[in-house]
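Engineer: What follows is a structure written as structure tokens; I'll ask about it next.
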Amino acid sequence: MKIFRKIRRTLIASGKTKSYIIYAFGEILLIVIGILIAWKINSINEIRKNRIVEVKIYQSLNEELNTNLILLDSSIVRYARNVQTIQNTIKSIRSQPQEITEELKEGIINVKFQSTKLQSASINSVSSTNKFEFIKSDLLRDLIASYPNELNNFENQDAKIGNIIINRLQPVIESHVSLIDILLNRESKYNKNTSFSGTSDYVKLLNNRAYQNVLVDRLIQTENQLIIGNNLRDKTQIIAYKLNKELGN
């Protein structure tokens, strides 16, 4: 800067106005170029920092989604198995006492319910904070924005099935079937070869309208959950695939 000031004073003292104007313009140009270079460096650093944050977000989401895929896979298998069991039970409604096998009894009093707890901490964190701004892909942003609602639909349907089993199905079963039978059905640690209690009336239970109604309702809601679960799994896979592409995997 001292050199520039010295040059300016020399040009002014010499009275060379044209030379001074050219010099002044050149000095301004150098300053502008310096500012542009500094701005570019800052911009590159900012992009690099944002990319680091973006990658961390993608990695966190990817880990969560992969966990959900495992949970959904096991849940879908369980829902499909439950649908088959309920359908078999409905088919046995007109069965005679001698036709009700021990295997059929297990299906009739099936009150097992396992809630699926999907992970949502990372996806909710991104959707509800400024982390959303770091995601460059418009398609990925749209998929992530809609995902929490998909999770809520799944969880609500799961809760609906749980309510049917615990508050409607189990009471009507207990009014016709011995609790010992239910215990043997629910707890695998007990000997499955143990005889069912003679106080249970499976024929009467099968012909009970309340039992039939709740059985059909459980079937409908489980079939709905199977559809929801498959759709959610597909969307989870799509997001995970897009994240892997962004991560360069």
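The values are calculated or read from the model by the stated rules, or taken from the named source; none is laboratory data. Computed from a predicted model, the values in this text were never measured in an experiment. Don't worry about glycine lacking a Cβ; one is built from the backbone with ideal geometry, like all the others, and counts go over all protein chains shown. Only protein heavy atoms, including side chains, enter the accessible area calculation; ligands, DNA and RNA are left aside. Shrake-Rupley method; radii C 1.70, N 1.55, O 1.52, S 1.80 Å.
Engineer: Is there any pair with a first residue in the range 109-138 that is assigned to a loop (DSSP other than H, G, I, E, B) and a second that is open to solvent by 80 Å² or more (accessible area, probe 1.4 Å) whose Cβ atoms are under 8 Å apart and which are 6 or more apart or on different chains, and what are they?
Structural biologist: As it stands, the answer is Val111/Ile166; Val111/Arg186; Lys112/Arg186; Phe113/Ile166, since those pairs meet every condition given.
Engineer: Then there is this: Taking Leu151, is it assigned to a helix (DSSP H, G or I) and open to solvent by less than 60 Å² (accessible area, probe 1.4 Å)? Can you show your working first?
Structural biologist: Details: assigned to a helix (DSSP H, G or I): yes; open to solvent by less than 60 Å² (accessible area, probe 1.4 Å): yes.
The answer is yes for Leu151.
Engineer: Let me ask something additional. Just checking, which of Lys204, Lys160, Lys189 is modelled with pLDDT of 95 or more and either assigned to a loop (DSSP other than H, G, I, E, B) or open to solvent by 60 Å² or more (accessible area, probe 1.4 Å) (or both)?
Structural biologist: Just a single option satisfies the conditions, and that option is Lys160.
Engineer: Which residue, of Glu150, Glu106, Glu155, Glu133, is closer than 22 Å to Tyr211 by Cβ and not aromatic (Phe, Trp, Tyr)?
Structural biologist: Glu106
Engineer: Name the single residue, out of those in the range 126-148 being open to solvent by less than 50 Å² (accessible area, probe 1.4 Å) and in contact with a Ser or Thr (Cβ under 7 Å, 6 or more places away or on another chain), that is nearest to Asn224 (Cα to Cα).
Structural biologist: In this case the residue turns out to be Pro148.
Engineer: Here's another thing I want to ask about it. List the number of the failed condition for Ser95; all other conditions in (1) open to solvent by 50 Å² or more (accessible area, probe 1.4 Å); (2) farther than 30 Å from Ile57 by Cβ; (3) among the small types (Gly, Ala, Ser) hold.
Structural biologist: If we test Ser95 against (1) open to solvent by 50 Å² or more (accessible area, probe 1.4 Å); (2) farther than 30 Å from Ile57 by Cβ; (3) among the small types (Gly, Ala, Ser), just (1) comes out false.
Engineer: A further question on this structure: If only one of Glu64, Glu106 is open to solvent by less than 80 Å² (accessible area, probe 1.4 Å), charged (D, E, K, R), assigned to a helix (DSSP H, G or I) and more than 30 Å from Leu179 (Cβ to Cβ), which one is it?
Structural biologist: None of the other options fit; the residue is Glu64.
Engineer: Are there any pairs with C-beta distances below 7 angstrom linking a residue in the range 50-67 that is modelled with pLDDT of 80 or more to a residue that is among the hydroxyl-bearing types (Ser, Thr, Tyr) and assigned to a helix (DSSP H, G or I), with the two at least 6 apart or on different chains, and if so which?
Structural biologist: Between residues of the range 50-67 that are modelled with pLDDT of 80 or more and residues that are among the hydroxyl-bearing types (Ser, Thr, Tyr) and assigned to a helix (DSSP H, G or I), the close pairs are Ser60/Ser122; Leu61/Ser122; Glu64/Ser122; Leu65/Thr236.
Engineer: Now for a different question. Does the range 195-249 hold any residues that are under 34 Å from the mean Cα position of the chain (by Cα) and free of Cβ contacts under 8 Å to residues at least 60 places away in the same chain, and which are they?
Structural biologist: Tyr211, Asn213, Val214, Asp217, Ile220, Ile227, Asp234, Tyr241, Lys245, Gly248, Asn249
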